[in-house]
Amino acid sequence: MRKDKKSSRRAESVSPPPPVYPSTAAAFASQCLRFTPDPTQSRLLSSNPPRCILNCSRQWGKSTVSAIKALHHALTNPESTTVIISPSARQSAELVRKISTLLRKLTITPRCDGDNEISLLLPNHSRIVGLPGKDATIRGFSAVSLLLIDEAARVPDELYLSVRPMLASSENAQLWLISTPAGESGFFYKTWISPDPSWTRISVPATECPRISPAFLDEERRNMSPFFFRQEYLCEFVEPEDTVFPSDLLQQILTPAPPLILQPSFPVHYPPLIRDPAIRLALHRVFPSPPSHVCHYLGVDLGQKNDYTAICILERSLVVTGERSPVTFEFPTEKRFLIRYLERLPLGTPYPAIVKHVAALTRHPDLSLDKILAIDATGVGRPVADLFHAEPLGCRIVPVTLTSGSAAARHGEAWHIPREQLLSALELAIRNGRLLLSDALPDAAALIEELRCLRRRPLPNGRHHISPLRDSQHDDLVFSTALAWWRANLYARGV
């Protein structure tokens, strides 16, 4: 009798073997979760690519597919860590809640890991953690074997770059980006159009989803603008209607001019019939070449902790546009404005160091003697402007305070300029082709991206407000360029 009791106790102490799940997420969904994926979902869940970007329509079922993928990965990889990132904590919690529902179908009681508010701890000690799209709250995770970014097109680039190192110490770690498009900007768009062969790209428009009827799509097409319908249902990367600078316009401002070359890029033209060098020299002494006077305008947008300090140097020069006039013996010229220097200082750079760096730039031998420095003196910029006055500068300094008014005002050397007026002047210069950008600058792409992300939003008073697409996006290079252009254009008018 005692032997029977001992054997029964020994049997109770031995834990049952862990369940064996199908090797593919598609088979796991159909056999264990009683979910039948459609052909595209089945192909995606069966392939299990290490780098996957899914561009799908609204209501295609991306949340369900993401939940199945995350749960299958966690169950088949004991003691692994799966991190789900969404633009907000609510969206991450919703996806983790869907995974909890799937767990109950497996008769597994969901429970938190004890460290993270939005998390699940599985019986095999794997964790699934949901995080919001905030850089300050997600650092610290390592050895992540699956990183799944939901609504990736609406997650900031800085966040994406900060979470990629989570995969560094995990062998065969997977990264999945799942989203509906959100314009031609951001890492989701760049990854989709990149030629990198390591990414598996899958596009699923609503027209290929068996759960969305043609009648519903026809109704949506009638009730939505073409932009939203193409983006939300056809998975197209289209520029929003409130875009300030379309992509094709921004490509036109790029020029192959080298950085900080002060002489005009266009050669002096002599009359085609005069080829003798001696006669050319004689004519040049009598009728000198057109003036190649060069001016430089430095725009500085100040920042430190959350925003960069951005520096732009704009060159204004007179260039020859044709042959010498046979009547006046003068060369036709026009003013050219070219951005030949861009720089963003590291975040956290102390203001005294910023001042010394900019002051050294103003004294750089490659700059002309005729130059003006325009700095953003809004808020903390006022005491920083005083620091500039204490430094040995190689040029005039013009403090500019940005306001929300409707008219510019001058107070001695200082100016008060409406923010919208400054950006509108920059927009007009780019649209008219008056402002060019050297494509050899390392930060040229960053400036183009900042311009592309600007949106024009209507205000209740009938005016418009120009701001970045998301609060997390920077516009420092835009404002440093706008300050340089404003001062150059003002000087050209004799002010």
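Quick notes on this structure:
- Qualifying residues in segment 384-413 (those that are over 18 Å from Gly299 (Cα atoms) and small (Gly, Ala, Ser)) - the one surrounded by the fewest Cβ atoms within 10 Å (Cβ to Cβ): Gly412
- Taking the numbered list (1) within 19 Å of the chain's Cα centre (by Cα); (2) within 17 Å of Pro87 (Cβ to Cβ) in turn, Lys190 passes all entries but (2).
- Residue selected from segment 169-188 under the condition at pLDDT 90 or above and out of contact with any Ser or Thr (no Cβ under 8 Å at 6 or more places or on another chain), by the criterion farthest from Cys52 (Cα to Cα): Pro181
- Residue check, Leu217 hydrophobic (A, V, I, L, M, F, W, C) and either surrounded by fewer than 17 Cβ atoms within 10 Å (Cβ to Cβ) or in contact (Cβ under 8 Å) with a residue 24 or more places away in the chain (or both): no
- Unmet criterion (only one of (1) under 32 Å from the mean Cα position of the chain (by Cα); (2) in a strand (DSSP E or B); (3) without any contact (Cβ under 8 Å) to a residue 24 or more places away in the chain) for Ala360: (2)
- Test: residue in segment 170-190 that is without any contact (Cβ under 8 Å) to a residue 12 or more places away in the chain, closer than 24 Å to Asp248 by Cβ and either out of contact with any Leu (no Cβ under 7 Å at 6 or more places or on another chain) or of a type in the set (Lys, Arg) (or both): yes
- In segment 280-299, the condition of being under 30 Å from Ser194 (Cβ atoms), in the same structural domain as Gly381 (by TED's automatic domain parsing), modelled with pLDDT of 75 or more and aliphatic (A, V, I, L, M) is met by no residue.
Matching residues to (1) of a type in the set (S, T, N, Q); (2) closer than 20 Å to Ala67 by Cα; (3) not assigned by TED's automatic domain parsing to the domain that holds Leu469:
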| site | (1), (2), (3) |
| --- | --- |
| Ser100 | yes, yes, yes |
| Pro110 | no, yes, yes |
| Ser119 | yes, yes, yes |
| Leu131 | no, yes, yes |
| Ile149 | no, yes, yes |
| Glu158 | no, no, yes |
| Ser162 | yes, no, yes |
| Phe187 | no, no, yes |
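- The number of residues in segment 295-318 that are charged (D, E, K, R) and either under 23 Å from the mean Cα position of the chain (by Cα) or under 23 Å from Leu347 (Cα atoms) (or both) comes to 3.
- Residue match in segment 350-357 (condition: part of a helix (DSSP H, G or I) and of a type in the set (D, E, K, R)): yes
The values are calculated or read from the model by the stated rules, or taken from the named source; none is laboratory data. Values in this document were obtained by computation on a predicted structure and should not be read as measured data. Reconstructed Cβ throughout: ideal geometry from the backbone, glycine too, with neighbour counts over all protein chains shown.
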